Structure formats: structure tokens, C-alpha cells
Amino acid sequence: MARRRTAKRANSKGSQAVVIFWLIFVIVIIAIFMLNAPVIQKNFDLFKTRLIAGPGSEGDTLDIEEDPLLTVNIEQPPSRDPLPTPPPLETTTQPAEQPAAPTQTTTPPAPPPSAPPVTTPAPSQPPAVQPVQMRERAVYFTQVGSDGQILHSRVTRRIPVSESPMQDSINALLAGPSSDEIGRGILNLIPRNTRLLSATVRGNTAYLSFSEDFLFNTFGVEGYVAQLRQIVWTVTEFQNVRDVQFLIEGRRLDYLGEGIWIGSPISRQSF
């Protein structure tokens, strides 16, 4: 029991000694810290400045001034020059490599179809005027002789060639004599305003249809005979016509005016 108590006392004394040692050590540290407070504050400010300015600042060294009040000589490691800060690496941002596009075989576009040459149309020329073919036809008018007798008078007309030459000749007759012919005493005794309505040939007979104006002649019987003779002699100039059947408005009449027979075809020999 005594050994145990002795051991406990020895342990408690040892513990007290350790506590006293550490307490003294802490007091010394605090005393050193308080004595070197200005230096520590200066170094702390310098460290703070370097921390803010960044590494690599030249001429920033820690100057530790020896305080004459410091009684404890604390051996400090020799100051070292700050290592030179390597220059920052230049980082060049390179564009990411684009994946190579797949090689495509492009067929060159076919050339556009050549446009047909533009041909400037030649200026249209008016068609050449074909000369009108003319043919002389004989027509018959009336002329009064020196003895007062009514005679037929043959004149020629230049008439354009057509498919109905007989109608053209009769129409030229109905148009009457020219002023020069009238000056020579040539007359037309066919009633005025008489119109040819139709003209056909059957066998050797020409069927001529006139308007109703053909019925009224102011020169009497001699005038009726003269108008019939003018037409018969004009139409029989055609070789295939021998006589003429007169029609009024397409109708066959027996007499013309004062007993002049027209109910049958009339030839040159009828006068």
C-alpha cells in the first residue's frame, strides 16, 4: 500500500512539474510575442501586402530588426532571396479541330442548253401586186342616125378577167356610155336603175333575170326594141350563146311594154 501511495505521489508531482513546465513555456512564448509585437505586425503587414500584390514582387524582403530589449537570442535561419517567379505560360487557345467533312464527289453542273440563235425576222415586204389581167369586151349601145333611125353602136370595154365574164359585160352595159361617147351621140336606152339579178347559160340560151325597172321605158316601142337589142347583141358576143331568155325578178313574162314578145328566147335574127 505504501508503494502505491508513493507511486501516486511521484506521479502527481511529475504531472505538476509537466504542467508547470508548459505553463512557463506558454508564458515565455506570450512574453516573446508581446515583446516582438511591432516586428510581427510589420512582417504580417508585409506578408499581407505580398499576398495581395501576388508572387514575384521584387525587393520585398523581411527585415527583422533586433530589439535591444530582447534578452532571448533566438537563432533565425538565414534569409533567402525569393525564388524568381517563372513567367506565366502563354496559353494560346487553339480552335478545336473540326472533324474532317466526308469527301463528296461533286459532279460539275451540266452546262445550260444553248439557246437557239435569235434570228431577226427580215422586214416583211408587202406582197407584190399582181397586175390585174384585163380583157376587151364588146358592148352595144344605141345611136340615132341622120335619118332618125335607131341603130346599134358597138364599143369596147377593158374589163378585168373573172369567172363570170358575161355578168361583167352586162354590168358594163348597164353602166352606160362614157362622157366622150355621149359627145359622139351614143346613147343607152335601157331604163335607168335596171339591175342584173342572175345570169346562167343552158345549152346555147342565156337566162337573164332583171329587176322590175326593166319593164318601164320612156321612149315607147322603139325604146323597148332598142333595150332588148342592146342586151341580145352584147350577150351573143360569146360564142356559146345563141339567144337570150328574158326574166323579170326570176319570172318569165310574155310581153314587155306595148306588145313586145319576150315569152321565148330572142336572137339577133329576131330584129
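The portion of the accessible surface of the range 179-234 made up by carbon and sulfur, rounded to a whole percent, is 49 (1.4 Å probe; DNA, RNA and ligands excluded). The alpha-carbon atoms of the range 172-221 define a convex hull whose volume equals 117 cubic angstrom per residue. As a length-normalised measure over Cα pairs under 8 Å and 6 or more apart, the relative contact order of the range 129-271 settles at 21 percent. Once the Cβ-Cβ distance of SER198 and VAL144 is raised to the sixth power relative to R0 = 35 Å, the FRET efficiency obtained is 0.65.
For LEU256, the residues 5 or more places off, or on other chains, whose built amide H falls under 5 Å of its own are TRP261, ILE262. Rolling a 1.4 Å probe over the protein heavy atoms leaves TYR255 with an accessible area of roughly 130 Å². Taking amide hydrogens as placed 1.01 Å from N in the peptide plane, the amide H of SER153 sits under 5 Å from those of PHE141, THR142, GLN143, each at least 5 positions away in sequence or on another chain. Contact order, relative form, for the range 192-271: 31 percent (alpha carbon pairs under 8 Å, 6 or more residues apart, mean separation divided by residue count).
Could you work out the percent of alpha carbon pairs in the range 116-244 separated by over 19 Å, rounded to a whole number? When all Cα pairs of the range 116-244 are counted, 57 percent exceed 19 Å. Charge tally for VAL155 (other residues, Cβ to Cβ under 13 Å; Lys, Arg +1; Asp, Glu -1): +1.
Cβ-Cβ distance of TYR255 and SER162, R₀ of 45 Å, FRET efficiency by 1/(1 + (r/R0)^6): the value works out to about 0.85.
The values are calculated or read from the model by the stated rules, or taken from the named source; none is laboratory data. This is a predicted model, so every value here is computed, not measured. All Cβ positions, even for glycine, are placed from backbone atoms using ideal geometry, and neighbour counts span all protein chains on display. The area values use the complete protein model at the heavy-atom level, side chains included, leaving out ligands, DNA and RNA. Shrake-Rupley method; radii C 1.70, N 1.55, O 1.52, S 1.80 Å.
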